[in-house]
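Chemist: One structure, pasted below without further comment.
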Amino acid sequence: MARLESVQVPLGACVPSSAAPVTTVTSRHSALVRVTHWITTLCFLALLVSGVEIVISHPRFYWGETGNVLTTPLFKLPIPSSRALVPTGYGYVLPDQNGWSRYLHFQAAWVVVLTGLLYIVSALFTGHLRKNLLPGKPDRSLRAFSTAIAHHLRFERPSEAEAWSYNMLQRLTYLFVIFILFPLVIWTGLAMSPAFVSAVPATVTLLGGQQSARTIHFFVSLALLLFVLVHVVMVCLAGFRSRMRAMITGRAGTHMERT
Amino acid sequence: MTDLSRRKLIIGGLAATAGVSGLGLAARIARRYGLIPPDHGGIYGLGETLTYASQRLLTRHSLAREFHPSQISKRPLANEIPPLNEAFKRLQAGGFADWRLSVNGMVDRPASFSLAQLRSYPSRSQITQLQCEEGWSYIAEWIGVPLSHVLEVVGIHSQARFVVYFSIDPNWWESIDMADALHPQTFLTYGMNGNELPVGNGGPLRMRLPRQLGYKSVKFITNLTVTDSLKSFGKGLGSASPETGYAWYAGI
């Protein structure tokens, strides 16, 4: 019983590679991490597609409280619009897809926020945060940081230990995404809600206005998209099949398969 | 392995039972307190219900931000409007002297008001933002009579739950719950920035509620109906917006 349970717990970074079982199939990601990962993936795609559709109806960005086609934008996206009101330089207007896009955007936002809360709470209680996300003691130095970056820049294949837990750059990136980008994208999203800001005006005033919130929301979304693209590239470099299997079945596979 | 599976099965079963009964209870409480939007059906019902219910609990009495006169947009954008119909053009030719707002449904004294009558009621103004679902916005001073005052004049029944409002354009109608209908910033608006409300911005009479997106602030209002159910209006989704794919509740 006890032996079986210990297999279910993801192994920490402290596990030396020699201690990793060579032929035994071992849990790489806990069931909760796997389920929340894929729900988040689906929600991100839904938010991305619907977010793009919403932006198309007004591909201009402003700073401050207000902005419209009669005011000077901070910048414009060089794309056609789904509204005739917006001067884009294109001779045509795209079909309006805002209705379902807005429904989907807010539904996916709810699901991803609740999923994220479940993940954070469980990460705190199971030790996932401490063991797998916060950099290990030996990694908390500038030298370790620069070494890790150098390894990455040379596109070196991940070490044996990294098949079992995240390396320092991964940890810092995940921490940044989970504790900086996600809260920021939720905050700037709420700052655009006329009802929510009536109850909590600081949500929007701290950002300098509703149009500023919209602009920041756009850039934070771009940062999240960049993270996802790099994440997928890294998964491919590290071994697409084994990493996908680890995130779907939880099994890291055998030593032979990983190398 | 069998032990583990059985334990997991039991725990999972208990969790699922608790979850389902919890959801059932939540749905009953939500219905009891009017926290379910009329367009709660379909695949996006979950998100819509969560948004509407949480904001109803959070924002029942909150006031939209009001701005300093110096923040009023120099040119209040008049958004595109569908071509105005013959009825509107006739009234416009007469300087809107014959424009009427009829109020009926669950009221003690159904009435029809002229613009002059509405102007004779206590006038209020608010400098608030109009925010379009597309992303643009402007700030203006909106002048009008609070909807709550008109509802007081006609005397609404205690079981009233929604106010449905209609534009002179028959395809354009919306509805709001009583929390929004009685909210102090919900106006029947006839003026803007010290002048009459221009036609491009919804004149001569526009519903204005700054805590929801612009499409709930319907232009050219001619009729209000007070009701306890939205089922008999259009397709029963609450307003014309869900019928064209947009959410009924637009507080986001």
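Every number in this text was worked out from the coordinates using simple rules, so none of it is lab data. Please read these numbers as outputs of a predicted model, since none were measured by experiment. Glycine gets a Cβ as well: all are built from the backbone with ideal geometry, and neighbour counts include every protein chain shown.
Chemist: What is the fewest-to-most order of B:ASP177, B:ASP169 by other Cβ atoms lying within 10 Å of their Cβ? List each step's numbers first, then the result.
Modeler: Values: B:ASP177 23, B:ASP169 19.
Ordered from fewest to most neighbouring Cβ atoms within 10 Å, B:ASP177, B:ASP169 come out as B:ASP169, B:ASP177.
Chemist: Angle, helix B:2-32 long axis vs. longest principal axis of chain B, Cα atoms, 0 to 90°, nearest 10?
Modeler: Between the helix axis and the principal axis of chain B, the angle is about 30 degrees.
Chemist: Taking 25 °C and 0.890 mPa s as the conditions, I'd like the Stokes-Einstein D for the protein assembly as shown in µm²/s, using the Kirkwood hydrodynamic radius from alpha carbon pairs.
Modeler: Translational D for this selection: 94 µm²/s.
Chemist: Please give the net charge around A:LEU206, taking every other residue with its beta carbon less than 14 angstrom from that of A:LEU206, where Lys and Arg add +1 and Asp and Glu add -1.
Modeler: Once positives and negatives cancel, what remains is 0.
Chemist: Right, here's the next one. For chain B, what does -39500 (n - 2.57) per DSSP helix run (n ≥ 4), summed and divided by total residues, give at 222 nm, in deg cm²/dmol to the nearest 500?
Modeler: On the way: 7 runs with 76 residues, N = 252.
Calculated from helices alone, the mean residue ellipticity at 222 nm is -9000 deg cm²/dmol.
Chemist: Would you please give the residues with an amide H less than 5 Å from that of B:ALA111, counting only those at least 5 places away or on a separate chain, with H modeled from the backbone geometry?
Modeler: B:VAL103
Chemist: Which semi-axis lengths, in whole Å and largest first, follow from the square roots of five times the eigenvalues of the Cα gyration tensor of the stretch B:134-228?
Modeler: One finds semi-axes of 22, 14, 13 Å for the stretch B:134-228.
Chemist: Give, as a single signed number, the net charge of other residues whose beta carbon lies under 9 Å from the beta carbon of A:LEU85, with Lys and Arg counted +1 and Asp and Glu -1.
Modeler: Within the 9 Å Cβ shell, the charges total -1.
Chemist: Another question about this same structure. Tell me the angle of helix B:45-59 to the major Cα principal axis of chain B, expressed in degrees between 0 and 90 and rounded to the nearest ten.
Modeler: Orientation of helix B:45-59: about 70 degrees from the principal axis.
Chemist: Let me ask something additional. Excluding A:PHE218 itself, what net charge comes from residues whose Cβ is under 13 Å from its Cβ, given Lys and Arg +1 and Asp and Glu -1?
Modeler: +3
Chemist: Would you mind calculating the relative contact order of the stretch B:132-203 from Cα pairs under 8 angstrom and at least 6 residues apart, reporting the percent as a whole number?
Modeler: Result for the stretch B:132-203 is 40 percent.
Chemist: Related question: How many percent of the alpha carbon pairs in the stretch B:68-243 exceed a separation of 29 Å?
Modeler: Tail of P(r) above 29 Å: 15 percent of Cα pairs.
Chemist: How would you rank B:182-191, B:64-73, highest first, on the average number of other Cβ atoms within 10 Å across their residues?
Modeler: Ranked by mean Cβ neighbours within 10 Å, highest first: B:182-191, B:64-73.
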